[in-house]
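Below is one structure, written out as structure tokens, with a few remarks after it.
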Amino acid sequence: MKRIGILGGTFDPIHNGHIGLAEDAMEQAGLAKVILIPARLQPFKLDKQITEGNYRLEMAKLAAAPIKGLEVSDYELRHDSISYTYKTLRAMVLEEGLEKKSCLYFITGTDAFLKVSTWKHAEEMLRNYSFAVGSRPGYRDAELDQCIERLKTVYNTDIVKIENRKRDISATEIRHRLEGGKSLSGLVPEAVERYIEEHGLY
């Protein structure tokens, strides 16, 4: 049975931390591919100013292009509504022609996963889909392990803990570096850095 990963986010801009998590999830959770989905309006970031979707989509495509198994979807950018994860997962099941919802793995980080019960329609997602959770050694390990075991017991869902080997990078850090005229070497793919420069972003 083919396993497909979904990695959503604002991607403003997409960076090597996102790409590293996608690659680690493919390897460690046995995913055939990972679909990157830039968000239009994230429910937890409605008060934040974000870069236009077409720019974020193109940067995601540039970052994914050289990596086998990485794809990009504009699903959330095509819709005016808030980018709720449960809606996206429902749509991906249909778009990918999946016979069983358990083929779909939503990829997220430790901090977000620990709050999964607060997400809209969280119960539906936990019952119907699987998760790949990026973790860093020593970071909230015990808390994450307890959360995973509890949710596995309650919802009988597959939750794979991923050792995310890339260092933690934040889009905020990247934007601050750009504002200061500093290099983004090692933080974003070279093609993304060129695109940012060419289009005068940030």
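Check whether at least one residue in segment 189-201 is free of Cβ contacts under 8 Å to residues at least 12 places away in the same chain and open to solvent by less than 90 Å² (accessible area, probe 1.4 Å), and report yes or no.
yes
Of the residues in segment 1-39, how many are of a type outside the set (Phe, Trp, Tyr), touching a residue at least 40 places away in the same chain (Cβ under 8 Å) and under 21 Å from GLU173 (Cα atoms)?
Number satisfying all stated conditions: 15.
For segment 164-177, how many residues are in contact with a helix residue (DSSP H, G or I) (Cβ under 7 Å, 6 or more places away or on another chain) and either over 30 Å from MET125 (Cα atoms) or open to solvent by 70 Å² or more (accessible area, probe 1.4 Å) (or both)? Break it down into steps so the answer makes sense when it comes.
Keep residues of segment 164-177 that are in contact with a helix residue (DSSP H, G or I) (Cβ under 7 Å, 6 or more places away or on another chain), which gives 164-166, 168-169.
This time we only want the ones that are either over 30 Å from MET125 (Cα atoms) or open to solvent by 70 Å² or more (accessible area, probe 1.4 Å) (or both), so: 165-166, 168.
Going through segment 164-177 one residue at a time, the tally reaches 3.
For segment 109-158, give me each residue that is of a type in the set (S, T, N, Q) and not in a helix (DSSP H, G or I).
Filtering segment 109-158 down to residues of a type in the set (S, T, N, Q) leaves 110, 117-118, 128, 130, 135, 146, 153, 156-157.
Within segment 109-158, SER130, SER135, ASN156, THR157 meet the criteria.
Just to be sure I understand, how many residues within segment 61-97 are of a type in the set (A, V, I, L, M, F, W, C) and assigned to a loop (DSSP other than H, G, I, E, B)? Walk me through how you get there before you give the answer.
Filtering segment 61-97 for residues of a type in the set (A, V, I, L, M, F, W, C) gives 62-65, 67, 70, 72, 77, 82, 89, 91-94.
Restricting the remaining residues to those that are assigned to a loop (DSSP other than H, G, I, E, B) gives 65, 67, 82.
Number satisfying all stated conditions: 3.
Which condition number in (1) surrounded by 16 or more Cβ atoms within 10 Å (Cβ to Cβ); (2) over 12 Å from the mean Cα position of the chain (by Cα); (3) outside any loop (DSSP other than H, G, I, E, B); (4) modelled with pLDDT under 95 is the one that ILE50 fails?
(3)
The values are calculated or read from the model by the stated rules, or taken from the named source; none is laboratory data. Computed from a predicted model, the values in this text were never measured in an experiment. Heads up, the Cβs are rebuilt from the backbone with ideal geometry, glycines too, and the neighbour counts pull from every protein chain shown. Quick note on the areas: whole protein, heavy atoms, side chains included, nothing else; ligands and nucleic acids left out. Shrake-Rupley method; radii C 1.70, N 1.55, O 1.52, S 1.80 Å.
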